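A.B. asks: Shown below is the structure under consideration.
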Amino acid sequence: MKLYDITIPIRAGMPVYKNDEARQPKLTFTKKAETDGVTSSTLELDLHTGTHLDAPLHMLAGGSSIDEVSLASLMTACRVISLTSLEGEITPETLIPFDLKRGDFVLFKTKNSFSETFDQEFVYLGQAAATYLAELGVKGVGTDGLGIERGQAGHPSHKVLFEAGCMVLEGLMLKYIEPGEYKLIALPLKIVGAEASPVRAVLVEERCVSE
Ligand SMILES: [Zn+2]
């Protein structure tokens, strides 16, 4: 069994959406072991900074919040597909050759994983591809962009996925991950009423070795 951490480290100066300074995390030490005998800290964090899960409430009024999402859907078989030569929009034509099936959880490895800074031209999931995935009935999608869509008025890609009950993981780090089948574990914090949460996302590679 091999474990891969696909989580972006939360730290000052990390890449954040649109380089918006307000999205930078602030870790403040309220006590230090050297002087206070104990170390304590608080963290101020935009819930869409770094590797995170969006809940339907993010885009749908009255949608479920992050404490209500199905944990079973976030400890599941998944498939990493490589789209590293793609620029711009993921379309249905991009996805059709991969023969995705109902119930799949699919992670898109794109050029985004190789960028150390926020790239305005990041690869994103277009509305047509989101509709294709929703109609197919995939369980979840994950992207190595800090958002699954880019500048689409009304956020149609998020909405169509949420309306189909599909999980949306954003900000994955897939640079070192080979395409293939894994087990995904990406559990959100139980923040009552929130629309998103950071996750610690890992992939488990389970290889059967025959003698
Ligand atoms: Zn988000």
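A.B. asks: In segment 135-211, which chymotrypsin sites (Phe, Trp or Tyr not before Pro) are in a loop and have at most 11 other Cβ atoms within 10 Å, using DSSP for the loop call? Don't skip to the end; give the middle numbers.
C.D. replies: Numbers: sites: Phe162, Tyr176, Tyr182; in loops: Tyr176.
Hits after loop and neighbour filter: Tyr176.
A.B. asks: Please identify which residues in segment 86-128 have an amide N closer than 17 Å to a label point set 7 Å out from the Cα of Ala153, following the Cα→Cβ vector.
C.D. replies: What the label zone holds, given the 17 Å backbone N cut-off, is 127-128.
A.B. asks: Within segment 126-165, whose backbone N sits under 14 Å from a point 7 Å along Cα→Cβ of Ser70?
C.D. replies: Of the residues in segment 126-165, 137-141, 162-165 have backbone N under 14 Å from the label point off Ser70.
A.B. asks: Still on this structure: If each DSSP helix of 4+ residues adds -39,500 (n - 2.57) and the sum is divided by the residues in the chain, what number results at 222 nm, nearest 500 deg cm²/dmol? Please report the intermediate quantities before stating the final value.
C.D. replies: Working: 4 runs with 26 residues, N = 211.
Value at 222 nm, helices only: -3000 deg cm²/dmol.
A.B. asks: Something else about it: Go ahead and run the numbers for FRET between Val204 and Thr84, Cβ-Cβ distance against an R0 of 25 Å, rounding to 0.05.
C.D. replies: Working: r = 22 Å, r/R0 = 0.90.
Plugging the Cβ-Cβ distance into 1/(1 + (r/R0)^6) gives 0.65.
A.B. asks: Given the Cα-Cα distance of Ala61 and Lys32 and 0.36 nm per residue of separation, how much length would full extension add, in nm? The partial results should precede the final answer.
C.D. replies: Numbers: separation 29, 0.36 × 29 = 10.44 nm, distance 4.22 nm.
Extending this stretch completely gives an extra 6.2 nm.
A.B. asks: Report, in debye and to the nearest 20, how large the dipole of the chain comes out about its Cα centre when Lys and Arg carry +1 and Asp and Glu carry -1 on their Cβ. Could the numbers behind the result be given before it?
C.D. replies: Working: 20 positive and 29 negative charges, 73 e Å.
Value, rounded to 20: 360 debye.
A.B. asks: Answer with one residue from Gln152, Tyr4, Asn112: the one whose Cα lies farthest towards the positive end of the charge dipole of the chain, charges on Cβ with Lys, Arg +1 and Asp, Glu -1.
C.D. replies: Highest projection toward the positive end goes to Tyr4.
A.B. asks: Please tell me which of these pairs span more than 20 angstrom C-alpha to C-alpha: Lys26/Lys111; Lys101/Lys139; Lys139/Lys159; Lys101/Lys190; Lys2/Lys101? All intermediate terms of the calculation are to be shown ahead of the outcome.
C.D. replies: Details: Lys26/Lys111 28 Å; Lys101/Lys139 10 Å; Lys139/Lys159 15 Å; Lys101/Lys190 30 Å; Lys2/Lys101 25 Å.
Check vs 20 Å cut-off fails for Lys26/Lys111; Lys101/Lys190; Lys2/Lys101.
A.B. asks: Still on this model: Given C-alpha coordinates of segment 101-168, what is the ratio Rg to Rh with the Kirkwood estimate of Rh? Working shown, then result.
C.D. replies: Working: Rg = 11.8 Å, Rh = 12.2 Å.
Result for segment 101-168 is an Rg/Rh of 0.97.
A.B. asks: Now for a separate question. Please state the relative contact order of segment 84-146 as a whole percent: Cα pairs under 8 Å, 6+ residues apart?
C.D. replies: Working: 81 pairs, mean separation 31.8, N = 63.
That works out to 51 percent.
A.B. asks: Further question on the same structure: Provide, as a two-decimal number, the C-alpha radius of gyration of segment 1-98 over 2.2 N^0.38 Å, N being how many residues it has.
C.D. replies: Dividing the Cα Rg of segment 1-98 by 2.2 N^0.38 Å gives 1.50.
A.B. asks: Can you list which of the GluC sites (Glu not before Pro) found in segment 110-193 are DSSP loop residues with at most 14 other C-beta atoms within 10 Å? Spell out each step's value before the answer.
C.D. replies: Numbers: sites: Glu116, Glu121, Glu135, Glu149, Glu163, Glu170, Glu181; in loops: Glu116, Glu121, Glu149.
Taking segment 110-193 and a limit of 14 other Cβ atoms within 10 Å, the loop GluC sites (Glu not before Pro) found are Glu116, Glu121.
A.B. asks: Restricting to segment 27-153, what percent of DSSP beta bridges are antiparallel, rounded to 5? Write out the running numbers ahead of the final one.
C.D. replies: Values: 4 of 14 bridges.
Of those bridges, close to 30 percent are antiparallel.
A.B. asks: Then there's this: Compute the FRET efficiency between Gln120 and Glu44 as 1/(1 + (r/R0)^6), taking r as their Cβ-Cβ distance and R0 = 30 Å, and round to the nearest 0.05.
C.D. replies: Working: r = 25 Å, r/R0 = 0.84.
Working from the Cβ atoms, E equals 0.75.
A.B. asks: Can you tell me the 0 to 90 degree angle between the C-alpha axis of helix 127-136 and the longest principal axis of the chain, rounded to 10?
C.D. replies: Result, in degrees: 70.
No lab work stands behind these numbers, since they all come straight from the coordinates. This structure is a prediction, so every number in the text was calculated from the model and none was measured. All Cβ positions, glycine included, derive from the backbone under ideal geometry; neighbour counts span all protein chains shown.
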